[in-house]
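J.: What follows is a structure written as structure tokens; I'll ask about it next.
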Amino acid sequence: MGSVADLELAAVRKAFADTVALDGVTLDIAEGEFFTLVGPSGCGKTTTLRTIAGLESPSSGTVRFGGEDVAGVPTEDRDVGIVFQNYALFPHMSVRENVAYGLKFADPPDGQSVDERVTDLLDLVDLSGMGDREPDQLSGGQQQRVALARALAPAPDVLLLDEPMSALDARLRETLRRQVKRIQTELGVTTVYVTHDQAEALAISDRLAVMSDGAVEQVGTPREVYERPATEFVASFVGENNLFRGEVVGRDGDETTVAVDGTEFRIDDGSRDRPGGANDRLTFCVRPEDLTVGVEANRFEVAVDTAEFLGETTRYYADWGDRTVVFRTPEAHDGDALVLGFDPADARVL
Ligand code: ATP
């Protein structure tokens, strides 16, 4: 398909019988970008990826590679490399043969021989010494690197990764995540990565799309999505959060006063549009690391229920009336009654 610039989905809808898997997905993924689709089980991540790959065709809407509509273009002509959750390696082929299989339907790039290409790729994924082994002589992480090398063998324009680490233990996932990111950066290959793990999505992506119920809730850099969640769903799904629902009772300059069950909080969202008019219902959120003991503003008394020691911080769950709030701090708090507070600028209006 020639050299592909960016990857676009425009109002893509996909229905399977009476299940609507994708309900109008629009995305614009830039060349060389590491782009992640993240969301809970069943939200449509895999269907989006399969639609990009040409393994599903949209019920309506358009997929474009480099500005060209790819409707009707079969997977093998889309220049995509795919890695699935289950490594799908051939058990009775050596590692070299498995990687070479990636060149069955495409020539190696730059006039290389198959042998040269396979050697380069094994080098790239740090498996140089393992070419003669069979998959069952490798760890899960190593098998997934073989699958990655196989997908990259024909130098695809787009790399599609569907939960490639979910079968690995936490420690191995972190190692492989760094390797995948390094390889992607080195090659500059446009990558679409599917995961249900929001922490992984924050750690690995240039940008991510948070999905829910077949729709995209928000697209942004990890920092934008974390610091400025657009919806309640994003605020709660990406990282932990405390949601407060109340009623606007006043304004003073940039600050809005919101009453939550009789307690008044001053919030300054920092956005140009001042949120809500008087008596409007308003929801805002405060991250656990922004709820602190000893801050002067927005104080309220809680009763600590449980503490989880996490190493560099401790996570506390505390009761405030009939709600539970979560806060995280490096200090240890003994005793159960505490006064928490937060800076008005750390509240985000949803
Ligand atoms: P998971 O993280 O569990 O893999 P997902 O976000 O990748 O979930 P999809 O696999 O894209 O979600 O599924 C989205 C919705 O479409 C789900 O409700 C699913 O049951 C449905 N679905 C997916 N594939 C099919 C199919 N071939 N036939 C019928 N329904 C399907």
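The values are calculated or read from the model by the stated rules, or taken from the named source; none is laboratory data. The structure displayed is predicted, hence computed values, not measured ones. Here the Cβ positions follow ideal geometry from the backbone for every residue, glycine too, while neighbour counts run over all protein chains shown. Surface areas here come from the heavy atoms of the whole protein model, side chains and all, with no ligands, DNA or RNA. Shrake-Rupley method; radii C 1.70, N 1.55, O 1.52, S 1.80 Å.
J.: Please note which helices (runs of 4 or more DSSP H) are completely contained in region 110-218 and include at least 2 residues that are of a type in the set (Ser, Thr, Tyr).
T.: Fully inside region 110-218 and qualifying: 170-187.
J.: What is the one condition in (1) open to solvent by 60 Å² or more (accessible area, probe 1.4 Å); (2) at pLDDT 95 or above; (3) among the aromatic types (Phe, Trp, Tyr) that Tyr193 does not satisfy?
T.: Only one criterion in (1) open to solvent by 60 Å² or more (accessible area, probe 1.4 Å); (2) at pLDDT 95 or above; (3) among the aromatic types (Phe, Trp, Tyr) is unmet by Tyr193, namely (1).
J.: Quick check: anything in region 58-65 open to solvent by 30 Å² or more (accessible area, probe 1.4 Å) and out of contact with any strand residue (DSSP E or B) (no Cβ under 7 Å at 6 or more places or on another chain)?
T.: No: zero hits.
J.: Tell me, please, whether a residue that is touching a residue at least 12 places away in the same chain (Cβ under 8 Å), open to solvent by less than 50 Å² (accessible area, probe 1.4 Å) and small (Gly, Ala, Ser) can be found in region 230-244.
T.: yes
J.: Residue check: is Pro40 in contact with a strand residue (DSSP E or B) (Cβ under 6 Å, 6 or more places away or on another chain), part of a loop (DSSP other than H, G, I, E, B) and within 15 Å of the ligand (Cβ to nearest atom)?
T.: When the stated conditions are applied, Pro40 does not pass them.
J.: Something else now. Report, ordered by the first and then the second residue, all pairs with beta carbons closer than 8 Å, sequence separation of six or more or different chains, a first member in region 44-68 that is of a type in the set (D, E, K, R), and a second member that is part of a loop (DSSP other than H, G, I, E, B) and within 12 Å of the ligand (Cβ to nearest atom).
T.: Lys45/Gly39; Lys45/His196; Arg50/Glu56
J.: Is it the case that some residue within region 70-88 is in a loop (DSSP other than H, G, I, E, B), more than 27 Å from Leu187 (Cα to Cα), within 12 Å of the ligand (Cβ to nearest atom) and polar (S, T, N, Q)?
T.: Taking every residue of region 70-88 in turn, none turns out to be in a loop (DSSP other than H, G, I, E, B), more than 27 Å from Leu187 (Cα to Cα), within 12 Å of the ligand (Cβ to nearest atom) and polar (S, T, N, Q).
J.: Identify the single condition in (1) open to solvent by less than 60 Å² (accessible area, probe 1.4 Å); (2) within 19 Å of the chain's Cα centre (by Cα); (3) at pLDDT below 95; (4) not hydrophobic (A, V, I, L, M, F, W, C) that Gln85 does not satisfy, given that it satisfies every other one.
T.: All conditions are met except number (1).
J.: Sticking with this structure for a sec: Please enumerate the residues belonging to region 283-296 that are surrounded by 15 or more Cβ atoms within 10 Å (Cβ to Cβ) and part of a loop (DSSP other than H, G, I, E, B). Talk me through it step by step, then tell me what you get.
T.: Looking only at region 283-296, we keep the residues that are surrounded by 15 or more Cβ atoms within 10 Å (Cβ to Cβ), and these are 283-293, 295.
Those that are surrounded by 15 or more Cβ atoms within 10 Å (Cβ to Cβ) and part of a loop (DSSP other than H, G, I, E, B): Arg287, Leu291, Val295.
J.: Considering region 311-350 alone, what residues qualify as being acidic (Asp, Glu), without any contact (Cβ under 8 Å) to a residue 60 or more places away in the chain and within 21 Å of Arg228 (Cα to Cα)?
T.: Asp343
J.: Just need a number here: residues in region 28-57 that are surrounded by 18 or more Cβ atoms within 10 Å (Cβ to Cβ) and in contact with an Asp or Glu (Cβ under 7 Å, 6 or more places away or on another chain). Break it down stepwise before answering.
T.: Going residue by residue through region 28-57, those that are surrounded by 18 or more Cβ atoms within 10 Å (Cβ to Cβ) are 29, 33-39, 43-54, 56.
Applying the additional criterion that residues be in contact with an Asp or Glu (Cβ under 7 Å, 6 or more places away or on another chain) yields 29, 33-35, 43, 46-47, 49-50.
Of the residues in that region, 9 qualify.
Quick grid of which residues meet (1) free of Cβ contacts under 8 Å to residues at least 60 places away in the same chain; (2) within 16 Å of the ligand (Cβ to nearest atom); (3) within 30 Å of Leu22 (Cβ to Cβ); (4) surrounded by 15 or more Cβ atoms within 10 Å (Cβ to Cβ):
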{"position": "Ala170", "(1), (2), (3), (4)": "yes, no, no, no"}
{"position": "Arg177", "(1), (2), (3), (4)": "yes, no, yes, yes"}
{"position": "Gly214", "(1), (2), (3), (4)": "no, yes, yes, yes"}
{"position": "Ile267", "(1), (2), (3), (4)": "no, no, no, yes"}
{"position": "Gly270", "(1), (2), (3), (4)": "no, no, no, no"}
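J.: Please tell me if Glu134 is more than 17 Å from Gly102 (Cα to Cα), away from the ligand (no atom under 16 Å from the Cβ) and either modelled with pLDDT under 90 or not polar (S, T, N, Q) (or both).
T.: Against the criterion (more than 17 Å from Gly102 (Cα to Cα), away from the ligand (no atom under 16 Å from the Cβ) and either modelled with pLDDT under 90 or not polar (S, T, N, Q) (or both)), Glu134 does not qualify.
J.: Which of the residues belonging to region 47-92 are over 21 Å from Asp213 (Cα atoms) and of a type in the set (Lys, Arg)?
T.: Arg64, Arg78
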